[in-house]
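First the structure, in the form of structure tokens, and then the observations on it.
Only the coordinates and a few stated rules stand behind these numbers; no lab work does. Quick caveat, the model's predicted, so the values are computed rather than measured. FYI the Cβ positions are ideal-geometry reconstructions off the backbone, even for glycines, and counts take in every protein chain you see.
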Amino acid sequence: MKSTSPIKEHFAFRKLYYGLRRIYYGMRKRYYSIILQHEGNLKIFGRVIIAKPENIEIGKNVSLNEGVHLNARGKIKIGSNVHISTYVVINTGALILDHDENVDRVHTSQEVVIEDNVWIATGAIINPGVSIGENSVVGAGAVVTRDIPSNSVVGGVPARVIRKLSS
């Protein structure tokens, strides 16, 4: 009886694992591109998590990269020519902290609007109720807690305008 080496078994398992993973994420991308309301040319790269895709509207030429998490408890509107980099979180739900202690946690949701020609860099967090104006850039790791005016570069925790862009 011929036995296979542990190394060959390891690589065979890895090949099977990554093959199945590729099929799964391919099917998930197709599902999202069918179920999401988008105007065309939606690009989804890698593992993207979308909660409540029926609450999301997407314009033309939008890309969602690896690890993006869209929590659409409330509405999310994404304009055209928007690039959302890796591991960005866009959250429409929040917890109300000042309520009666005898009542269970109270959740709320607020709309997030991202206008045209926006780039959101790696690891940014967009909080509920925020609007990001057109032609804006959100820096890596920024936490956006309030509206961003058009033609702005923002960064930091919490995000603040670093400079204005010429229109």
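Structure values in brief
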{"read-out": "Cα-based equivalent ellipsoid of the chain: semi-axis lengths in Å, sorted from largest, via gyration tensor", "value": "35, 21, 17"}
{"read-out": "Cα-based helix-to-principal-axis angle, 6-35 vs the chain, degrees rounded to 10", "value": "40"}
{"read-out": "Burial ordering of ASP116, ASP98, ASP147, fewest other beta-carbon atoms within 10 Å first", "value": "ASP98, ASP147, ASP116"}
{"read-out": "All lysines inside 24 Å of LYS77 as judged from Cα atoms, apart from same-chain residues fewer than 8 positions distant", "value": "LYS29, LYS43, LYS52, LYS60, LYS164"}
{"read-out": "Net charge contributed by nearby residues that have their C-beta within less than 13 Å of ASN91 (K/R +1, D/E -1)", "value": "+2"}
{"read-out": "Fewest-first sequence of ILE50, ILE120, ILE7 by Cβ atoms within 10 Å of each Cβ", "value": "ILE7, ILE50, ILE120"}
{"read-out": "Charge context of LEU16, other residues only, Cβ under 13 angstrom, K/R +1, D/E -1", "value": "+4"}
{"read-out": "For segment 68-133: relative contact order, % (alpha-carbon pairs under 8 angstrom, 6 or more apart)", "value": "40"}
{"read-out": "Estimated 222 nm signal from helices in the chain, with DSSP H stretches of n ≥ 4 weighted -39500 (n - 2.57), rounded to 500", "value": "-6500 deg cm²/dmol"}
